[in-house]
Each structure stands twice: as C-alpha cells, then as structure tokens.
Amino acid sequence: MIALAVISAVVAMCAVAVSLWQAREAKRAQDAARESAEAALKAQEEAAAARKAVEQATSAALQARTAAEESKKSAGKAEEAVGRAAQEAAASRALADEAQAIAHQVTTQVNEVVEALASQRSRVGEPTFAITPGAPDEFRLSYFGGPAVIQQLTLSVVPGSRVLGLSQYDEPPAEHLEIGPLYNGSAITFRAATGQRASAVFQVKAEPWEPVVVRAE
C-alpha cells in the first residue's frame, strides 16, 4: 500500500509538473501571439503611411506635370506675343520713317514756295518779311524790299503750327498781333507761345498787299 501511495504521489507530481510546463508554454504562446498582433498592427500602420505617401507623391507629380504643361503653353504664348510685338514695332518704325520723309518733303516744298514768293515780291516792290528765332519764346520780324514805311500790319498764328498765341509786350497772347508803323530795313521783337520752335509758322498781312506765310528759320 505504501508503495502504491508513493507511486500515486509521484504520478501526481509529474502531472503537476506537466501542467505547470503546459501553462508556461501557453503563456509564452499568448505573449508571442500578442507580440505578433502588435507587429501586424504596426505593419498595417506603416503600410497605410506608405500608401498615403505614395498617393501624395503621385498627386505632387501630377501637379508638377500640369504646371510644366501650363508653363510650356505660357512660354509659347509669350513667344508669339514677342513675335507680334516685333512685327508691330517694325511696321510702326516703317510708318514713322515714311511720315518723317513726307514731313521733310512737305517742309522743303513749303520753304521753296515761301522763298519763291519772297523773291517775286521783292522784284515787284512788295514788302518782304523774315522771322528768326531768338530766345526760347522770342522771335524777330524783319521788314525789307518794299515801301519806306508800312503803317500797320497784322501778324497771325497759322493753324497747325503749334503756336498758341502772340504778344509784343506783356499783354496776354492772342491769335493776331497788330504792329505799326514799320520802316523798311527795321525789325521788331515779339513773343510766341509755342511748344515746338521748328513748327513756328506765321502769317503776315500788310494793306494793300496779299498776306504771306513766313516760317521761322
């Protein structure tokens, strides 16, 4: 009986030891399962972060591609605008050159007509006048080649000559300036409000002769 009890006790102890070992192994398995679950969760989070980063990178790449295409289109439009501007500038320069040539031709023709009229008037004994610039707003009217004295003459602004008004003393500028008497070989000084001296053209009228146009030279 004693032997049987001893054997039973040994068997029970073995069973307890096996139970303890199984319990320890089960705990290890649980810990490993928990660690695996945590690792899996962390892996899922990392995968989600990686997927988000890929999506952001893809979106940035698409935006960069769109911006590059827009920049290319803008560059093409700018190049076209530069080409059109160059063509317009060339056309404007050609028109300006043509206008300058025409203006020079007209000025030459006017000067020739004025000189011819002055020469003709001098030959027939009619008054001849010359106007020369002095100070920035001052001009000098000279009379020669006619009667000994002209009692009165009228100096007027010629439309389009950019002369705004005439005055001899301190009176306000006017379109017409009455001068006299004026002796042959004498000259008077007057003022002309003008923005461009090269365009200063005047009309001189002395009775009973026809009016003449005189350009300031």
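The values are calculated or read from the model by the stated rules, or taken from the named source; none is laboratory data. These figures come from a predicted structure and were not determined experimentally. As a convention, Cβ positions derive from the backbone with ideal geometry for all residues, glycine included, and neighbour counts pool all protein chains shown. With ligands, DNA and RNA removed, areas are computed over all heavy atoms of the protein, side chains included. Shrake-Rupley method; radii C 1.70, N 1.55, O 1.52, S 1.80 Å.
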| Identity of the residue in segment 144-161, over 21 Å from Pro208 (Cβ atoms) and not in a strand (DSSP E or B), that ends up most open to solvent (accessible area, probe 1.4 Å) | Pro159
| said: Looking only at segment 194-216, filter to residues that are of a type in the set (S, T, N, Q) and open to solvent by 50 Å² or more (accessible area, probe 1.4 Å); which one of those is modelled with the highest pLDDT? | reply: Gln203
| said: For segment 143-181, give me the residue count where each residue is free of Cβ contacts under 8 Å to residues at least 40 places away in the same chain and aliphatic (A, V, I, L, M). | reply: 8
| When residues of segment 159-191 are limited to those that are modelled with pLDDT under 85 and among the hydrophobic types (A, V, I, L, M, F, W, C), the one farthest from Thr132 (Cα to Cα) | Leu164
| task | List the number of the failed condition for Arg191; all other conditions in (1) farther than 17 Å from Pro136 by Cβ; (2) in a strand (DSSP E or B); (3) open to solvent by 70 Å² or more (accessible area, probe 1.4 Å) hold. | result | (1)
| Looking at (1) more than 47 Å from the chain's Cα centre (by Cα); (2) open to solvent by 60 Å² or more (accessible area, probe 1.4 Å); (3) of a type outside the set (A, V, I, L, M), which is the one condition that is false for Asp31? | (2)
| query | Which of the residues spanning segment 126-143 are of a type in the set (A, V, I, L, M, F, W, C) and either more than 19 Å from Thr189 (Cβ to Cβ) or open to solvent by 10 Å² or more (accessible area, probe 1.4 Å) (or both)? | reply | Phe129, Ala130, Ala135
| task | Check segment 162-175 and report whether any residue there is basic (Lys, Arg), open to solvent by 40 Å² or more (accessible area, probe 1.4 Å), at positive phi and touching a strand residue (DSSP E or B) at 6+ places or on another chain (Cβ under 9 Å). | result | yes
